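The structure under discussion appears below in the form of structure tokens.
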Amino acid sequence: MPSADDLDRILVFDPTIQHGLIAYVREWFAAEDEILRTVRANIKAHHLPMINIRPEEGQMLGFLAAAIGARRILEIGTLAGYSAIWLARALPAGGQLITLEQNPDHARLAREHFALAGLSDRVTLIEGSAHDLLAESAGPLAGPFDMVFIDAEKSGYPAYLAWAADHVRSGGLITAHNAFSSGRLITEPHTDRMTAIRGMLETMARNDRLAGTIIPVGDGLAAALVR
């Protein structure tokens, strides 16, 4: 009979078990419908970077949004709208998702996907530099938000976290993609990308205003409740 430690090592290192567990979660908790599959196919067909969240990460984001009763969500980094669809579907009637995208080609495709998903009425896509838009914090970007999801250029993560901490309500949630960075969190110590990600994570861990963790789903979903 394997010991508990032996079982832990098997789960961590056996790729067959890892892939089987991921497949189980996707089948029972994070199944994609035809719209989500179409969005992923279009990302590839339009030669966009394949950096969108995974189905189980999308399901987790929607779960968290519903758990805190989110009605206003801000997403920083739209790409083609895959994660935005998961988030927008978790909103109640009258809820609103604001998503920011700098690349006009990405924004155009995302709007097509929001229309395909029947979500154009609850998703507002704003084009431009997220840093410039957030600095103004005007109009639809005026807080407070119930939830912020960060999935843009990694060098900007500490600044996005700082902004979110000031614009998310008490009891609201800040989340960020790629906390693990495909393992580079522990194997790549000195690059600008990893310095920025570690800076964000350490703030989530140590700032008294935040209660943070990393949810080990997909590539690691950093999450912090605002106290």
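The magnitude of the dipole of the stretch 1-149, with charges of +1 and -1 set on the Cβ of Lys/Arg and Asp/Glu and taken from the Cα centre, is near 340 debye.
Couplings for the stretch 171-176, taken from phi via the Karplus curve 6.51 cos²θ - 1.76 cosθ + 1.60 with θ = phi - 60°, read x, x, 10, 10, 10, 8 Hz in order; Gly and Pro are left as x. Determine the shape class of the stretch 63-149: with a ≥ b ≥ c the square roots of the Cα gyration tensor eigenvalues, call it rounded for a/c under 1.5, and otherwise prolate if a/b is greater than b/c, oblate otherwise. Taking the square roots of the gyration eigenvalues as a ≥ b ≥ c, the stretch 63-149 is oblate.
Placing one identical point scatterer on every Cα of the stretch 118-177 and ignoring solvent, what is log10 I(q)/I(0) from the Debye formula at q = 0.15, 0.17, 0.24, 0.30 Å⁻¹? Log-scaled intensity ratios, in q order: -0.46, -0.60, -1.16, -1.44. When each of the peptides 189-201, 40-52 is scored by the mean number of other C-beta atoms lying within 10 Å of its residues, the order from highest to lowest reads 189-201, 40-52.
Solvent-accessible surface of the stretch 151-218, averaged per residue with a 1.4 angstrom probe and all protein chains in place: 48 square angstrom. When the surface is traced with a 1.4 Å probe over the full set of protein chains, TYR24 keeps roughly 120 Å² accessible. Out of these labelled values of Rg and Dmax of the Cα atoms in Å, [x] 18.1, 56; [y] 17.6, 62; [z] 17.2, 55, which was calculated from the coordinates shown here? Checking each listed value against the structure points to [y]. A probe of 1.4 angstrom, applied to the heavy atoms of all protein chains, finds ASP105 with accessible area near 90 square angstrom. Taking Cβ atoms as reference points and 12 Å as the exclusive limit, the residues near ILE215 contribute a net charge of -3, counting Lys and Arg as +1 and Asp and Glu as -1.
Taking all protein chains together and a 1.4 Å probe, the residues ILE186, ILE17 rank ILE186, ILE17 from largest to smallest accessible area. Residues in the stretch 80-92 carry Karplus couplings, in order, of 9, x, 4, 5, 4, 5, 4, 5, 5, 5, 7, 6, x Hz; the curve used is 6.51 cos²θ - 1.76 cosθ + 1.60 with θ = phi - 60°, and Gly or Pro positions show x.
The values are calculated or read from the model by the stated rules, or taken from the named source; none is laboratory data. Treat the numbers as computed from the prediction; the structure is a model and nothing was measured. So basically every Cβ, Gly included, is an ideal-geometry build from the backbone, and we count neighbours across all protein chains shown. Heads up: the accessible areas ignore ligands, DNA and RNA and are worked out on the full protein's heavy atoms, side chains in. Shrake-Rupley method; radii C 1.70, N 1.55, O 1.52, S 1.80 Å.
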